Amino acid sequence: MIFRRKNKVYTDSELMRQIVLGDQAAFGELYLRYKSRMYYYFYRMLGNSTDLANDFLQELFMKLIEKPESYNPAYSFQTWLYSVANNQCKNEYRRREVRKEYQSAEALEHKLDYLNDSQVEPEQLVEKVFQTLDQLGEEHRSAFLLRYREGFSIREIAEILELPEGTVKSRLFNAKKILAEKLNYLKDEVEF
C-alpha cells in the first residue's frame, strides 16, 4: 500500500520525518506496511510463540513512537527497523541465557522421529524446514530468515546484524549445510 497525501507518495523515510513531527496517520501507514513482516520475523526468532511475537511487535512500534528521531534518514528504514528488531531478539536471548549454537542431535532426532516413516507432501516440506530451522542457534536462524524469507542482500544482513559480510556468508553456508544434513532423510520422499 502506498501512502498518498495531496497526490504525493511517501517513502518510509518521509513517513518517519512526518512521525517526528507528530503525524499519527504517517505512523499508521508505517505500521500497516511492516506489521505482518515484523510479526513473522519475531514469531520465527522467538520460538514460534504468538504471545512473544505480539509483545515484541508492540514493543518495536512503541519504540518507533517514543523515539522516532533515533532513525537516521541517511540509511534504509527497512534495514534500520530490522536492526532494532534483531537487537530486541538478542536482548531476549541474553535474558534467557540462550547461547548454545545448536541443541543436541538427540533432541532434534526425537522431535523429528515421527516423520521418518511417513511420506512428506511438498506443502509439508516448508514446515519441516522451519521446524528444523528452529533448532539452529539464533545467529544462524536470523541470517537465514533475513536472506531467504525477507530477501535482504548479504550487505543489508551484515548491516542489520552488525557483522562483516564474510561472517554473514559463513552463517548462511553453515545454516544451509545443517538444514541439508538434518533434512537428508526427506530427499527420497519428496520429488522436486
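The values are calculated or read from the model by the stated rules, or taken from the named source; none is laboratory data. Because the structure is a prediction, the values reported are computed rather than measured. Here the Cβ positions follow ideal geometry from the backbone for every residue, glycine too, while neighbour counts run over all protein chains shown.
Kindly list, by first and then second residue, each pair from a residue in the range 29-42 that is assigned by TED's automatic domain parsing to the domain that holds residue 11 to a residue that is crowded, with 21+ Cβ neighbours inside 10 Å and of a type outside the set (A, V, I, L, M), limited to pairs with Cβ atoms under 7 Å and residues at least 6 apart or on different chains.
Qualifying pairs under 7 Å: 42/56.
Just a yes or no: is a residue in the range 43-62 part of a helix (DSSP H, G or I), of a type in the set (Phe, Trp, Tyr) and within 21 Å of residue 134 (Cβ to Cβ)?
Yes, the range 43-62 has at least one match.
Using the structure shown, decide if residue 72 is under 12 Å from the mean Cα position of the chain (by Cα), surrounded by fewer than 16 Cβ atoms within 10 Å (Cβ to Cβ) and not assigned by TED's automatic domain parsing to the domain that holds residue 156.
No; evaluated as a whole, the condition is false for this residue.
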